Amino acid sequence: MTSMIGTVERIQKNIEQLEETLLVVAREIHQTCIGYITAVAEAVERQALQASYQVCTRGFPSQFLALSVPERQTVQQALRELIAGRRQRMPEELSQAMQAASLDLDSFQDELETVIIRELKSLAEAMNERLQQARILSRPEPEQSEAGEVPGVHLRLSEIEFSDRAVMSWRSQLRVLSARLARLQRELAQQREEKMVADAEAAWRSTWPQ
């Protein structure tokens, strides 16, 4: 019976240690997420500015040159203000997604990626609208939209992560920490199961007739 008590105490100690480690890793994930979110927002701003430059100088140079100097300045200012505004809003949106998902890893990563992709799509659409208003881009016909990607600004998370070292580094750290958290959660579940079995065995022995 004494050895059984010792087993239960050992398992309980393991559980407490795992719970403490989980909290530490969760805090590290939280801090890493803040770094990742900040890096993504900054990278999106750079990529969006570069995309607008490419559209006007490489994609549709004749349409851009057809504008007067004040018109060019107006569209450039409108794009800069739009991109800067989204740059400020994105960290708030992503932070809310992070807090809502908590430590549910699948939910957390899915929600974070969903919000980023949604923001990128929304920003690209708004930029294309500005470029259409300036007559640099033509409004796509319905059959063009159905057929596939139409000319204009397109922002993709995969390209941003691949091309930006800071984003790639933060995302890599996040994957490592997430994998560690998942492993700790599995170990904790296993230890809790073992403790339940040990408790049941101890209870059985305590009431079994001698």
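The values are calculated or read from the model by the stated rules, or taken from the named source; none is laboratory data. A quick note: this is a predicted structure, and the numbers were derived from the prediction, not measured. Cβ sites come from the backbone with ideal geometry, for glycine too, and all protein chains shown count toward neighbours. Please note that ligands, DNA and RNA were not included when accessible areas were found on the heavy atoms of the full protein model with its side chains. Shrake-Rupley method; radii C 1.70, N 1.55, O 1.52, S 1.80 Å.
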_Only four residue types carry charge here, +1 at the Cβ of Lys and Arg and -1 at the Cβ of Asp and Glu. Report the dipole size of the chain about the Cα centre in Debye, rounded to the nearest 20._
620
*Using alpha carbon centroids, what distance separates region 111-143 and region 28-74, in Å?*
12
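Taking 0.36 nm per residue of sequence separation and subtracting the Cα-Cα distance, how much length would be gained by fully extending the chain between residue 175 and residue 207, in nm to one decimal? Please report the intermediate quantities before stating the final value.
Working: separation 32, 0.36 × 32 = 11.52 nm, distance 4.84 nm.
Fully extending the segment from residue 175 to residue 207 adds 6.7 nm.
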*Compactness index (Cα Rg / 2.2 N^0.38 Å), region 1-52*: 2.26
*What percentage of the solvent-accessible surface of region 47-140, computed with a 1.4 Å probe over protein heavy atoms, is contributed by carbon and sulfur atoms?*
47
*Grab the DSSP H runs of the chain that are 4 residues or longer, score each as -39,500 (n - 2.57), total them, divide by all residues and round the 222 nm result to the nearest 500 deg cm²/dmol.*
-29500 deg cm²/dmol
*Please quote Rg/Rh for the chain to two decimal places, taking the Kirkwood radius as Rh and restricting both calculations to Cα atoms.*
1.27
